[in-house]
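**Student:** Pasting a structure below so you can have a look.
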Amino acid sequence: MSKFAELHYEGKVYQLPVVEGTEKELALDISKLRDESGFITLDIGYKNTGATKSAVTFLDGEQGILRYRGYPIEQLAEHASFLEVAYLLIYGELPTQAQLATFEREITIHTLVHEDIRKIYDGFPASAHPMAVLASLTCALSTFYPESRTTEGTNLNIIRLLAKMPTLAAWSYKNEMGHPLNYPNNALDYCSNFLHMMFAYPTETYTADPVVVDALNKLLILHADHEQNCSASTVRMVGSSQVGLFASVAAGINALWGPLHGGANQEVIEMLERIKADGGNVKKYVDMAKDKNSNFRLMGFGHRVYKNFDPRARIIKAACDNVLNKLGINDPTLEIAKELEEHALKDDYFVSRKLYPNVDFYSGIIYRAIGIPTEMFTVMFALGRLPGWIAQWKEMTANKEPIGRPRQIYIGAPERNYVPVSERK
Ligand code: ACO
């Protein structure tokens, strides 16, 4: 039976249909409210606005639950490969052995990019941030591999994007370093191949440490989707204009770049370096983060939706300890990170505001430990998030969602007449 909530205003009653999700989440459908009452709803930053109905990811921020297509993140991170999770997110079910083998083979044979794309790298300055390069070249893929609206064409572009993104990402780093670019090695799995393109040198053979490959696999899985966050919403919003997959994902990469979203993992390490250079006085920085006049925040702390703990942060913290122990890494910056975490978790300011270390706090530390340069951290996030963006775009397209177009409350000047420049005072 349909349920309704009622809105009473100036003697009139407006009925708002109640929408219930699989996990009993409740929403009020206000899509007809403006037609009936003249009201729009105002929610700056979309803090309490559902933009879509989605079957991709379930997240409960209060209870620290994250599931992809119903599967708990803990189980996927423990047992699955990144490509298995990518398949799950994009196509809705875990692949059979045969489906996974085909998927992996298709991705492997599409890892090369057109040689003319390679030439574009020469046009970027060496100082270019790898996220700017990655976003530009992801969009540029549409000039080499036309966007498609057919199921077959879309599937091919999905494979291309998953296959070529690690190549584009690793090359953006090599370009920045001024090193020769490494071509993909099709004998390697997804994560090992990326590490090969990042770290192999023409003069030596490179074999990725299995501990590093395992940590990378976990990190990519943990970042693979996070429902309607800033970048996924951007991908859906841009895609809703019916622009293609490459252009929509390029927009998502740009959204992810910002320090309040994916850029936080880079900011975490930069903050730790700053504390170290300043004598390692952790308390000073905790106090600064509490001081509203300082404009300083503890990067890697707090989350828009997780208000008790971030389930990904728990898994990643364990992976982080494992990597540091197995690789025998002793890094003073990492000691500062531990001290900072201890201080903040005991401090009433952070406890009362439910500010816990988020996934980015630990991911930055692992990336540093496995040799990924700081400016590549957000690129790593983008590599992980790619299947989620694709799944969100594919779902939005399949559901034929209308073009995204929010409303506003205008607070500018009322109507006034134009004054010629000669008469303006
Ligand atoms: N350090 C110090 N104070 C903080 C922090 C922080 N990292 N985060 C939030 N606060 C404070 C705010 O000043 C505010 O205090 P007040 O109530 O006294 O005004 C309160 O906690 C609530 O903060 P909001 O900004 O309203 O929380 P919101 O949900 O909008 O923001 C965000 C979440 C953006 C993640 C925020 O916590 C932040 O800026 N964190 C640092 C950046 C970061 O780590 N981003 C990565 C997010 S995870 C991801 O994208 C994968």
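The values are calculated or read from the model by the stated rules, or taken from the named source; none is laboratory data. Because the structure is a prediction, the values reported are computed rather than measured. Cβ: placed from backbone, ideal geometry, glycine included. Neighbour counts: every protein chain shown.
**Student:** Pick from Glu341, Glu335: which is touching a strand residue (DSSP E or B) at 6+ places or on another chain (Cβ under 7 Å) and without any contact (Cβ under 8 Å) to a residue 40 or more places away in the chain?
**Tutor:** Result of the check over Glu341, Glu335: Glu341.
**Student:** Which of the residues that make up the stretch 39-74 are within 13 Å of the ligand (Cβ to nearest atom) and surrounded by 13 or more Cβ atoms within 10 Å (Cβ to Cβ)?
**Tutor:** Selection gives Tyr46, Leu59, Gly61, Leu66.
**Student:** For the stretch 178-271, which fully contained helices (runs of 4 or more DSSP H) count at least 1 residues that are among the polar types (S, T, N, Q) and more than 16 Å from the ligand (Cβ to nearest atom)?
**Tutor:** Correct list: 190-199, 210-222, 245-257.
**Student:** Ok, one more. Among the numbered criteria (1) modelled with pLDDT under 95; (2) under 23 Å from Val238 (Cα atoms); (3) not assigned by TED's automatic domain parsing to the domain that holds Lys354, which one does Glu62 miss?
**Tutor:** (2)
**Student:** Here's a follow-up. Can you tell me which residues in the stretch 282-318 are in a loop (DSSP other than H, G, I, E, B), more than 19 Å from Lys346 (Cα to Cα) and touching a residue at least 24 places away in the same chain (Cβ under 8 Å)?
**Tutor:** Arg304, Val305, listed by residue number.
**Student:** Given the criterion modelled with pLDDT of 95 or more and in contact with an Asp or Glu (Cβ under 7 Å, 6 or more places away or on another chain), identify the matching residue among Ser240, Ser233, Ser248.
**Tutor:** Values: Ser233 fails: in contact with an Asp or Glu (Cβ under 7 Å, 6 or more places away or on another chain); Ser248 fails: in contact with an Asp or Glu (Cβ under 7 Å, 6 or more places away or on another chain).
Residue meeting the stated conditions: Ser240.
**Student:** I want to confirm something. Restricting to the stretch 22-38 and keeping residues that are of a type outside the set (Asp, Glu) and surrounded by 13 or more Cβ atoms within 10 Å (Cβ to Cβ), which single residue is nearest to Arg67 (Cα to Cα)?
**Tutor:** Ala27
**Student:** Consider Val19 carefully, then state whether it is free of Cβ contacts under 8 Å to residues at least 40 places away in the same chain and either away from the ligand (no atom under 16 Å from the Cβ) or exposed (fewer than 12 other Cβ atoms within 10 Å of the Cβ) (or both).
**Tutor:** yes
**Student:** Just to be sure, is Asp331 away from the ligand (no atom under 14 Å from the Cβ), of a type in the set (D, E, K, R) and loosely packed, with under 15 Cβ neighbours inside 10 Å?
**Tutor:** The answer is yes for Asp331.
**Student:** Quick check on Val323: is it assigned by TED's automatic domain parsing to the domain that holds Thr154, assigned to a helix (DSSP H, G or I), β-branched (Val, Ile, Thr) and at pLDDT 90 or above?
**Tutor:** Against the criterion (assigned by TED's automatic domain parsing to the domain that holds Thr154, assigned to a helix (DSSP H, G or I), β-branched (Val, Ile, Thr) and at pLDDT 90 or above), Val323 does not qualify.
**Student:** Out of the stretch 343-374, which residues are part of a helix (DSSP H, G or I) and under 19 Å from Val212 (Cα atoms)? Before the answer, list the steps.
**Tutor:** Here is the first cut: in the stretch 343-374, the ones part of a helix (DSSP H, G or I) are 343-346, 348-352, 359-369, 374.
Of everything in the stretch 343-374, those that are part of a helix (DSSP H, G or I) and under 19 Å from Val212 (Cα atoms) turn out to be Val359, Asp360, Phe361, Tyr362, Ser363, Gly364, Ile365, Ile366, Tyr367, Arg368, Ala369, Thr374.
**Student:** Hey, can you tell me all the residues within the stretch 341-369 that are among the hydrophobic types (A, V, I, L, M, F, W, C) and either over 22 Å from the mean Cα position of the chain (by Cα) or buried (at least 23 other Cβ atoms within 10 Å of the Cβ) (or both)?
**Tutor:** Those that are among the hydrophobic types (A, V, I, L, M, F, W, C) and either over 22 Å from the mean Cα position of the chain (by Cα) or buried (at least 23 other Cβ atoms within 10 Å of the Cβ) (or both): Ala344, Leu345, Phe350, Val351, Val359, Phe361, Ile365, Ile366.
**Student:** Sticking with this structure for a sec: Any chance you could count how many residues in the stretch 385-401 are assigned to a helix (DSSP H, G or I) and either surrounded by fewer than 24 Cβ atoms within 10 Å (Cβ to Cβ) or without any contact (Cβ under 8 Å) to a residue 40 or more places away in the chain (or both)?
**Tutor:** Result for the stretch 385-401: 5.
**Student:** Can I ask one more? Tell me whether the stretch 117-139 contains one or more residues that are within 23 Å of Thr397 (Cβ to Cβ), free of Cβ contacts under 8 Å to residues at least 40 places away in the same chain and not in a helix (DSSP H, G or I).
**Tutor:** No, the stretch 117-139 contains no residue that is within 23 Å of Thr397 (Cβ to Cβ), free of Cβ contacts under 8 Å to residues at least 40 places away in the same chain and not in a helix (DSSP H, G or I).
**Student:** Any residue at all in the stretch 359-366 that's touching a Leu at 6+ places or on another chain (Cβ under 8 Å), closer than 15 Å to Gly300 by Cα, among the aromatic types (Phe, Trp, Tyr) and within 16 Å of the ligand (Cβ to nearest atom)?
**Tutor:** no
**Student:** Restricting attention to the stretch 261-275, does a residue exist that is surrounded by fewer than 22 Cβ atoms within 10 Å (Cβ to Cβ) and without any contact (Cβ under 8 Å) to a residue 12 or more places away in the chain?
**Tutor:** There is at least one residue in the stretch 261-275 that is surrounded by fewer than 22 Cβ atoms within 10 Å (Cβ to Cβ) and without any contact (Cβ under 8 Å) to a residue 12 or more places away in the chain.
**Student:** Any idea which of Ser31, Ser37, Ser54 is without any contact (Cβ under 8 Å) to a residue 24 or more places away in the chain and more than 20 Å from Lys218 (Cβ to Cβ)? Steps first, please.
**Tutor:** Details: Ser37 fails: without any contact (Cβ under 8 Å) to a residue 24 or more places away in the chain; Ser54 fails: without any contact (Cβ under 8 Å) to a residue 24 or more places away in the chain.
Within the list Ser31, Ser37, Ser54, the selection yields Ser31.
**Student:** What single numbered condition from (1) farther than 30 Å from Cys139 by Cβ; (2) touching a strand residue (DSSP E or B) at 6+ places or on another chain (Cβ under 8 Å) fails to hold for Thr41?
**Tutor:** Status for Thr41: all satisfied but (2).
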